[in-house]
Amino acid sequence: MTSEKADIKRGLKDVVFDTSEASFVDGQAGKLLYRGYNIHDLAERSTFEEIVYLLFYGELPTQSQLDAFDAELRASRSIPDEVIEVIRVVANSHPMDALRTAVSALAAFEPEVNDNSEAATLRKGVRLTAQGPTIVAAHHRIRHGLEPVAPNPDLNHAGNFLYMLSGAAPDEETQKLMDVDFILHAEHSSNASAFGARVAASTLSDLHSAVVTGIGVLKGPWHGGAAEEVMKMAMEIGQPENADEYARNLLEGGGRVMGFGHRVYRAEDPRARHLRERSRDLGEKMGQPHWFQILRYLEEQIMVPYRAKGIFVNVDFFAGSIYNLLGIPEDLFISIFALGRIPGWTLQCVEQYRDNILIRPLLDYQGPMDLEYVPIEQRG
Ligand code: CMC
C-alpha cells in the first residue's frame, strides 16, 4: 500500500472497531453510562462491589445476589506466599511495575489460567479484582520495610485496601471516598489500556496476560499516570499564589497541564465532578485547602481558553489531591486506577472472546524498497 492511497487514522482517532455493551461515552455531552446506568447515579448511590456485579453480569444485583458476590470477592483476596516472595524481589520497583509483575506471577497459580470460556474469565476477573489490592498493599508495605497485612474479610473492598496499606481500619468517610474512586475508574469503553487488553484477548491469550497488558498501557502519563503528574505539579507549585507563573511557563514552553484533555471528551469528563467536590470538602475538613485552591486556579484561570479546543478537566485532575490528603504517596496513584479498572478490562476481554476477531490493523510502510542484500565482508 503506498502512502498516497492509505487512509491513515493516526492514533486510531474516531475509529469504531467493534460493538460493546459495557459503557457508553458521549464525548460532546460529557456523558458516561455503565451498562446503561448514569455514572452520576452510580457514584452517588452505588458501591464498587455492586458496580463489579453490574459490569460482569449486565444487571444490578438483588440484595441476595450482591451478598453472595461480595462474599466471593472477600474470599478471593489472598495471594500465594510465592507471589509475596516475587513482590519482595521487585520491592524497589515502581508500584505499577510490581503490580504488573505480581499479576503475571499469579497466573502460575491460577488453575483456570488457559480457560477463556466466559464463565472462567469472569471467575478469574473476580479473583483478580479481589487480589489486586492485596498485591498493591503488600508491595507498598514491603518497600517500606514492613510485613504485609492479611486481608480482613470484615471490611468491604475499599476499606480492606486502605486497611492493608496502613494496618488500621479506615473511618466510614475515608472508606467511601476510596469506594467512589474505584467506581469512577471501573470501566471506560475503548480507552488505551482496555484496547491493549482486547488486543491480547483477540489472539486468544488469557485474561492474566490481557490484564498485564492493560497495566502496562495504563502506566503512561498520557493515560493513568496523569494523576501522579498532577500531584507532582501541585507540589512544585506549592502555594496558590505560585500557580499562575508556573502554569504560564509550562504552557508557553509547549508543556501540557496534566489532568486536562481527553481523546473522547470535548466537554468536562463527568467523573471529574465527583472528585472535585470531594477534593474541596476533604481539603476544608482537614484544614488543608491549598491543593484544591491550586487546582481550581489552574482550572478557572489558566485553562479556560483551552475549552474552545475541547480541553476540559478529566478524571485524573482532582484524584491525586484526595489521595494525598488520605496520606497516599503519588507513586501509588496509577495502581489505584488499575485496581478500579480490573473489572473493566475483564469485561472487555469477555466481549472480545464472545465474538472474537484478531485485532490487527495495518501500517503504511514508508521505507526503502527492494534493496540488494550485500554480504557483510563487502560492506564499506
Ligand atoms: N494541556 C495543554 N494542552 C493540551 C492538553 C493539556 N493537558 N491536552 C491536549 N492539549 C492540546 C495539544 O497540545 C493539542 O494542541 P494543538 O492542536 O495546538 O497541537 C490539542 O490540545 C489536541 O491534543 P491532542 O494530543 O492531539 O489530543 P489527543 O486526543 O491525542 O490527546 C490526551 C488526549 C489525553 C493524550 C491529551 O489531552 C493529554 O496529553 N492530556 C494530559 C494527560 C492526561 O491528563 N491524561 C489523562 C486522560 S483521562 C484518564 C484516562 O483515561 O487515562
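The values are calculated or read from the model by the stated rules, or taken from the named source; none is laboratory data. Predicted model only: the values in this text are computed from it and were never measured. Glycine also receives a Cβ, built like all others from the backbone with ideal geometry; neighbour counts cover every protein chain displayed. For accessibility, only protein heavy atoms count, side chains too; no ligands or nucleic acids. Shrake-Rupley method; radii C 1.70, N 1.55, O 1.52, S 1.80 Å.
General remarks:
- Which listed residue, of Arg271, Arg263, is charged (D, E, K, R), open to solvent by 60 Å² or more (accessible area, probe 1.4 Å), under 24 Å from the mean Cα position of the chain (by Cα) and within 15 Å of the ligand (Cβ to nearest atom): Arg263
- Checking each residue in region 274-312 for being assigned to a helix (DSSP H, G or I), open to solvent by 40 Å² or more (accessible area, probe 1.4 Å) and among the hydrophobic types (A, V, I, L, M, F, W, C) picks out Val304, Ala308.
- A residue that is within 29 Å of Asp18 (Cβ to Cβ), more than 12 Å from the ligand (Cβ to nearest atom) and open to solvent by 10 Å² or more (accessible area, probe 1.4 Å) occurs nowhere in region 320-334.
- Pairs linking a residue in region 33-60 that is within 22 Å of Ile336 (Cα to Cα) and of a type in the set (Ser, Thr, Tyr) to a residue that is at pLDDT 95 or above and surrounded by fewer than 19 Cβ atoms within 10 Å (Cβ to Cβ), with Cβ atoms under 6 Å and 6 or more positions apart or on different chains, are Tyr53/Pro61; Tyr53/Phe69.
- Boolean, Ser335 is in contact with a Pro (Cβ under 9 Å, 6 or more places away or on another chain) and among the small types (Gly, Ala, Ser): yes
- For Glu228, the stated conditions do not hold, so it cannot be described as within 14 Å of the ligand (Cβ to nearest atom), free of Cβ contacts under 8 Å to residues at least 40 places away in the same chain and open to solvent by less than 50 Å² (accessible area, probe 1.4 Å).
- Check on Val149, under 21 Å from Asp70 (Cβ atoms), in contact with a Leu (Cβ under 9 Å, 6 or more places away or on another chain), away from the ligand (no atom under 16 Å from the Cβ) and not in a helix (DSSP H, G or I): yes
- Restricting region 237-259 to residues that are open to solvent by less than 30 Å² (accessible area, probe 1.4 Å) and within 13 Å of the ligand (Cβ to nearest atom), the residue that is farthest from Gln288 (Cα to Cα): Gly255
- Test: Asp316 is open to solvent by less than 30 Å² (accessible area, probe 1.4 Å) and either in contact (Cβ under 8 Å) with a residue 24 or more places away in the chain or not acidic (Asp, Glu) (or both): yes
- Residue in region 92-103 that is more than 20 Å from Ile336 (Cβ to Cβ) and either among the β-branched types (Val, Ile, Thr) or not in a loop (DSSP other than H, G, I, E, B) (or both) present: no
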